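The values are calculated or read from the model by the stated rules, or taken from the named source; none is laboratory data. Quick caveat: nothing in here was measured; it's all calculated off a predicted structure. Here the Cβ positions follow ideal geometry from the backbone for every residue, glycine too, while neighbour counts run over all protein chains shown.
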Protein chains: 2
Amino acid sequence: MKYLCLLLLLLAGPSWSQTEDKAQLKAIYDTSLSQGEAYSWLNYLSNQIGGRLSGSVQAEQAVEYTKKKLDSLGLDRVWLQPVMVPKWVRGAPAFAYIESKPGITSNVPICALGGSVATPLGGLKANIVEVRSFEELDRLGRSEIEGKIVFYNRPMEPANIRTFESYSGAVDQRSSGAAQAAKYGAVGVIVRSMNLRLDDFPHTGAMNYGETPLDKRIPAAAISTNGAELLSTTLKLDREIKFYFKQNCRQLQDVQSYNVIGEIKGSLYPDEIILVGGHLDSWDLGDGSHDDGAGCVQSMEVLRLLKKIGYKPKRTLRVVLFMNEENGLRGGKTYAEIAENKKENHVFALESDSGGFTPRGFSFDCSQADFNKVATWKPLFEPYLVHSFVKGSSGADIGPLKNDRIVLAGLRPDSQRYFEHHHSENDVFEHVNKRELELGAATMASLVYLFDKYGTSAGSAQEEN
Amino acid sequence: MKYLCLLLLLLAGPSWSQTEDKAQLKAIYDTSLSQGEAYSWLNYLSNQIGGRLSGSVQAEQAVEYTKKKLDSLGLDRVWLQPVMVPKWVRGAPAFAYIESKPGITSNVPICALGGSVATPLGGLKANIVEVRSFEELDRLGRSEIEGKIVFYNRPMEPANIRTFESYSGAVDQRSSGAAQAAKYGAVGVIVRSMNLRLDDFPHTGAMNYGETPLDKRIPAAAISTNGAELLSTTLKLDREIKFYFKQNCRQLQDVQSYNVIGEIKGSLYPDEIILVGGHLDSWDLGDGSHDDGAGCVQSMEVLRLLKKIGYKPKRTLRVVLFMNEENGLRGGKTYAEIAENKKENHVFALESDSGGFTPRGFSFDCSQADFNKVATWKPLFEPYLVHSFVKGSSGADIGPLKNDRIVLAGLRPDSQRYFEHHHSENDVFEHVNKRELELGAATMASLVYLFDKYGTSAGSAQEEN
C-alpha cells in the first residue's frame, strides 16, 4: 500500500518547473561558491570597520561602506532611510572580582549589559545571592535580597538541538533580571552569559528596566560562563563572600542614523516587494561578523547573484540593511512605518540573523496556504543539504511588517556554535567560514528566486504554475 | 490525488515502534549533550598525546590510553589486536623556496607527502613545469618534463556541496603524481594542497609510487594553497624560475602496533556483531582531532551512551579503533582477515572518519532491501536535524569487511570546513566543537541502537517488527 502511494505521489509530479528551477538554483549556488563577494565584503565590515553599535562612528562607516557597495552593483535605486537611534556607550571596560576574604580576590571577566546604568564611580561591592529563576527570586523576597547583588545563574539547556530554544529559555535573566531584582532592593545584577560553552568571554546584550523608576535602576553586567561557575562554587563554600564590579556605561541622546536600501525594480509586478535583509548594527565587543555582518553581506549578495546569473525579477527585489536591531529595533520599526504610510505591498520578507553557518533551512511565519506552497519547493533544496522548512519566527527587523498576507521567513543556519560568539569579543571574522557564508547567501537567493517567480498565495499578482 | 496518497501513507503508519524508539533516541541525545565524555577524551588524545602517525610513540600512547578508557567503561571484554604497521618518518621539517632570479628567493610552506622519499641531502633545485592533470602531463611528454619538478596545481572544485567529491576529484595528483611524473624523467613533484581555502598550511597525505622502481622514485611534497598561487603566478611571469626543496623523510622497517577493541556481548544473538569505529592513527602535522580522533572518541562514546541509558543490546556491540588507516590500512585489513578466519558474523559496521562536525546523515553501502529498511527510520532522526540517508561509500577501515550481506555505513557530518584541517597543522582540538562532536556520537549510537533492535535483512536473527 505504502509503495503504491509513493509511486502515485511520484507520478503526480512536483508543482514547480523542475528543469528550469533546478538549473537556476544550480547557477545560483555555483556562482556563490565560485565567484562569491559576500566574504570579502564581510572582511571589510569586520576588519576595517569593526563592531557597529548604534550611534557609533563604526555604525556610520558601515552605512557609508554598504551604500557604496550597493551603488556599485548596478541596482535600479540605492538610498539611505533616516532613522533616529539610541546611543548607549560602554565607556571603560568593566572590571570585577570575587572577594572571598578581605584582601583575597579573584578577578572575573564581566561586561556591562546594553542599556545598563553605571555603577557608582568607585564601583559597587556587596554580598551576593545566587538564583536560577524569577520564582526563586520571589521566594527569597526582600529580606534575603535587599542590599545585595543578585547573581542569575541558570545555564542554557544543553539538550536542545536548536540552540535558539536554549537562548529563549535563559535570556529573561538578562533582559529583565535587573528590573525584577530592583523590586526587592538589590543593588546590582550579575548574569551568567548566554553561552552553551564554558569559556572566559562575557556576552553582552540588551536589557531593559521596564517600569523601574530612574532612581531605582541598578547596574547589570554579564559574567563569563567560567566566571559564573567560579562564583557559584565560591558562594557554596561561603555565603558571606563579596562581589565587586565597576562599569561606567551611559545612555546619551538619540542620534541620526540610517537603514541602507537598494532595489531592482520588478519587470511585471513592480508594486509587489520582496525584501531580503539583515541588521547593520552590532554589539561593540567583537566585530559583529556573525551577528549580523553575515546577514547583511548575504542579503546584498542575493541581489548580486540574481543579477549575475542574468535573472530578471518580475517583482521588486529590495535589500534592506536595518540599523539598531540590537538595542531598539528602530530601523525595523521605521522601515515598516514608512512602508505602511506609502502603502507599499510587501509580499515576502526574508531575514538572515542567526549567524553565517551552514544553512539548514528556513522558518516561516505565514498562512498555511503559503507554507504548503513553500513545502513543494523543498526537493529543490535537497541537493544543497537544506532540509528544514518549519513554521516559526522569522527575524526581529522584518517582524514589524507582519500582516495576514505577507510571508515572513528567517534563514536557519546550523546553530551549534552560534552562542559561543553571539554578543561577545569572540564574534569575529575568523570564525566565519567562507563556504558556509556563501551557501547561506545562495540558499536565500534561491528562495527569493522562487517567491519572485511563483508569488505568494495572497499576492495581488498570484500566479499558478 | 497527492493529498489522498499522503493521507494513506500516514495511515499506513511507520514501520518502527514509534514511542519507544523516540524515547530511546531522546535519551541518547540528551545524555550525549548533557553528560558526554567524548570531548574530554579527545582533549587528552589531542593535547596530551598529539599526532599519532603509525609506528610513532604517540600512536602507542594512544593505544594505551584508549584501552585504559575502554577498560573503565565496564564492557564485557577489551583487548588489543596485534597489527604490523609501516613506519614512515618525516624527519626535519621540509623547506622550500621559489628562486625567481639567482639570489632572489621567496620561501613557501611545504611538507613531505606520506611515503615519499627524501630529496638529496643538500636539497633539490630545478626548473618547474605546472600541470593540472595527467592528460596535460602526457601531452607535454619527456621533452618538456625531464630534469624538472612537476607542479600539480588543479584546485579542488569549489562548486560541489559535498566537499569529499572535490577531494576525490583532485587527490589523484597527490596519490599518483610522483609515479606519473617519474615516467617522464621529472626529478621531483610539488602538489597543491587538498584544501578548498586559500591559506598557508601545507596538507600531507598518502602517496605511492606504484610500479616505479626504487631507483626512479622522486621526492613529492605538498605546497600550501597560497604557496601554489604564488608559484603559479611567478611561473606565468617567467617560465625559467627555479624551485628548491629539501626534505629528509624515510621509510623504516614495519613495527608492532594494535587495533584497540572493546565489546558488549549480545543478550539474544551474541554471534551477530555490530561494529562501530574510527582510526586511531593520524598524520603527524596537527594533533589529528578531526581525522580521526573525533571518530575514535565518538565510537567509544556509542557504547558508553547505550550502557548509560540502560540499554541491553541483543547483538554484540563492538568498538574498534583501527591502526594505520592513513598510510597502509593494515588495521582494517588485519581485522577483517581475523574476522574471516574466525567466521565471525558482522551484520552492521559504522565508521566515523569525516570529522567531528554537525552530523547531517549517513551513507550506506548495502543491499537495496537494507537501505529501504533504514529509510523507514529517517523520521526518527529528523528532530535531530539529521536528514541525509544516501547510498555511497562507508569508511576505509571497515571496507575490508564488505560482503553481500553486511550493512556498511559512514557517518556524514557537515563537510564545509573539513578540508581546511585535514592532514595539516590546522587539524587541532580547538577546531572541534563539543556539541557538534556530541551530536555525532548520539547520531551514531541511535543508528546502532536501531540496527541492534531490528537487525539487518540478511542477519541470521532477522526480526520483523
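Data overview
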quantity: Scope the range A:165-195; condition within 14 Å of another protein chain (Cβ to nearest Cβ) and touching a Ser or Thr at 6+ places or on another chain (Cβ under 6 Å); matching residues; calculated: A:Asn195
quantity: Count of residues meeting criterion [outside any helix (DSSP H, G or I), out of contact with any strand residue (DSSP E or B) (no Cβ under 8 Å at 6 or more places or on another chain) and either more than 15 Å from B:Leu303 (Cβ to Cβ) or among the hydroxyl-bearing types (Ser, Thr, Tyr) (or both)] in the range B:26-55; calculated: 3
quantity: Of residues in the range B:99-122 being part of a strand (DSSP E or B) and either touching a helix residue (DSSP H, G or I) at 6+ places or on another chain (Cβ under 6 Å) or among the small types (Gly, Ala, Ser) (or both), the one modelled with the lowest pLDDT; calculated: B:Ser100
quantity: Single match in B:Ala159, B:Ala186 (criterion: assigned to a loop (DSSP other than H, G, I, E, B) and free of Cβ contacts under 8 Å to residues at least 40 places away in the same chain); calculated: B:Ala159
quantity: Count - residues of the range B:88-99 that are small (Gly, Ala, Ser) and over 14 Å from B:Gly227 (Cβ atoms); calculated: 2
quantity: B:Phe151 being within 14 Å of chain A (Cβ to nearest Cβ) and touching a residue at least 60 places away in the same chain (Cβ under 8 Å); calculated: no
quantity: The listed residue being surrounded by 18 or more Cβ atoms within 10 Å (Cβ to Cβ) and either assigned by TED's automatic domain parsing to the domain that holds B:Ser168 or touching a residue at least 40 places away in the same chain (Cβ under 8 Å) (or both), out of B:Ser415, B:Ser367; calculated: B:Ser415
quantity: Condition met for B:Thr376 (β-branched (Val, Ile, Thr), closer than 21 Å to B:Asn160 by Cβ and within 12 Å of chain A (Cβ to nearest Cβ)); calculated: no
quantity: Hits in the range A:189-221 (condition: outside any loop (DSSP other than H, G, I, E, B) and either touching a residue at least 12 places away in the same chain (Cβ under 8 Å) or assigned by TED's automatic domain parsing to the domain that holds A:Gln416 (or both)); calculated: A:Val189, A:Ile190, A:Val191, A:Arg192, A:Ala206, A:Lys216, A:Ala220, A:Ala221
quantity: Filter result for A:Gln35 (surrounded by fewer than 20 Cβ atoms within 10 Å (Cβ to Cβ) and either touching a helix residue (DSSP H, G or I) at 6+ places or on another chain (Cβ under 8 Å) or modelled with pLDDT of 95 or more (or both)); calculated: yes
quantity: Of residues in the range B:59-79 being in contact with a Lys or Arg (Cβ under 7 Å, 6 or more places away or on another chain) and buried (at least 16 other Cβ atoms within 10 Å of the Cβ), the one farthest from B:Asp254 (Cα to Cα); calculated: B:Leu73
quantity: Residue list for the range B:376-386, restricted to those being in contact with a strand residue (DSSP E or B) (Cβ under 7 Å, 6 or more places away or on another chain) and surrounded by 18 or more Cβ atoms within 10 Å (Cβ to Cβ); calculated: B:Leu385, B:Val386
quantity: Answer residue from the range B:381-428, given it is away from every other protein chain (no Cβ under 14 Å) and among the basic types (Lys, Arg) and is nearest to A:Arg417 (Cα to Cα) among those; calculated: B:Lys391
quantity: Within the range B:198-221, considering residues that are surrounded by fewer than 18 Cβ atoms within 10 Å (Cβ to Cβ) and under 28 Å from A:Leu437 (Cα atoms), the one nearest to the other protein chains (Cβ to nearest Cβ); calculated: B:Leu198
quantity: Sole exception among (1) out of contact with any Leu (no Cβ under 7 Å at 6 or more places or on another chain); (2) more than 14 Å from chain A (Cβ to nearest Cβ); (3) within 20 Å of B:Gln247 (Cβ to Cβ) for B:Glu146, by number; calculated: (3)
quantity: The lone exception for A:Asp138 - which of (1) touching a residue at least 40 places away in the same chain (Cβ under 8 Å); (2) farther than 17 Å from A:Ala222 by Cα; (3) not β-branched (Val, Ile, Thr) it fails; calculated: (1)
